[in-house]
Amino acid sequence: MPKKMIAFWSANGSTGKTTLAIAFATAVKKYKTNIVLADFKEVMPHIHKYFGIELSDKSDIYEAVEDKRDVFAIIKHHLNKKQNTWILSGISINDFSKFQEKHFSIMLETLKKEFDYVLLDTNAGVFFSSTYTALKNSDVILCVTAPTIWSIEDTAEMIEFVCERWGIDKNKFKIILNASVKSEVDINTAEKIIGVETFNVRYGEKNVFRDVGRIVKVLIGKDIEDIGHIKAVGEVKSIGAD
């Protein structure tokens, strides 16, 4: 199975990004893949609160990068397994000033070697080095937006900014229209304004998990089909069939 890194990002805050990242992890684990959900929101991380995990001091990860030691040997002490998903809590307000792009890059390189899927919950906007690193290194960027014309226009402008300034391929972006309130904008309008594929998530817990499951199937279904095909071919060869 190909390794894949998926970032959850938004132009503005309060779009439901963290909730959707958790729902996405729940849907992916049904495919029995080895996944980690990493909180890349500096200063005010939230994922640890959802899972009831202590926010650990990450200064030892910083020191391991600086000393060029085995980073995963340190990271694994910060991993907690909850609901069959590995969770890496975020960088606290006490640690974030130490961490720079190089530290986050090495963390991501390490995680991608160890896991099939690395899911990243990032800060909104463009103001943190962790956000820059996550977007630069991700294979897919799920940009969450509210279903309002202002939010859609802000999202379109911010995507153009990071593509131009950070050199990110626009084809990496997918939009999630999070319809937690009455929608002012539909999928077709959002796609026309932003210019990338758009998915819709409806209001209500059952709808969220159902719709996110559909998105997961679209995004990683081919990976699952490929690995199933490889296993099937291997089984045929093992019994001597031509």
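The numbers here are math on the coordinates, done by the rules we state, and not lab data. Predicted, not measured: the structure shown is a model, and the values here were computed from it. Neighbour counts run over all protein chains shown; Cβ positions are idealised from the backbone, glycine included.
The table below lists the values:
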| item | result |
| --- | --- |
| The chain shape via C-alpha gyration tensor axes, a/c threshold 1.5 | oblate |
| Along the chain, longest interval not containing exposed trypsin sites (Lys or Arg not before Pro), exposed being DSSP loop plus at most 16 other Cβ atoms within 10 Å | 99-181 |
| For segment 1-120: rounded, prolate or oblate by the Cα gyration tensor [a/c cutoff 1.5] | oblate |
| Shape of segment 128-227, Cα gyration tensor, a/c cut at 1.5 | oblate |
| Sites matching GluC sites (Glu not before Pro) across segment 1-106 that sit in DSSP coil, with at most 16 neighbouring C-beta atoms within 10 Å | Glu54 |
| Summed residue charge, Cβ within 15 Å of Ser14's Cβ, Lys/Arg positive, Asp/Glu negative | 0 |
| Percentage relative contact order, segment 4-238, counting C-alpha pairs under 8 Å, at least six apart | 26 |
| Cβ-based exposure ranking for Thr19, Thr122, in which fewest neighbours within 10 Å come first | Thr19, Thr122 |
| Net +/- balance of residues flanking Thr33 in space, Cβ distance below 12 Å, scoring K and R +1, D and E -1 | +3 |
| Long pairs among Lys17/Lys113; Lys113/Lys192; Lys41/Lys217, criterion Cα-Cα beyond 31 Å | Lys113/Lys192 |
| Ranked list, fewest to most other Cβ atoms within 10 Å of each Cβ, for Leu88, Leu120 | Leu88, Leu120 |
| Helical segments meeting 24 Å axial Cα length and Kyte-Doolittle -1.0 threshold in the chain (DSSP H) | 149-166, 205-238 |
| Residues Val28, Val208, sorted so that the one with the fewest Cβ neighbours within 10 Å comes first | Val208, Val28 |
| Most mobile of Ser89, Ser183, Ser97 in a GNM of the chain (Cα contacts under 10 Å) | Ser97 |
| Estimated inter-spin distance, Lys82 and Lys98, nm [label 7 Å along Cα→Cβ] | 2.3 |
| Extension gain from Arg202 to Lys30, taking 0.36 nm per residue of separation minus the Cα-Cα distance | 59.8 nm |
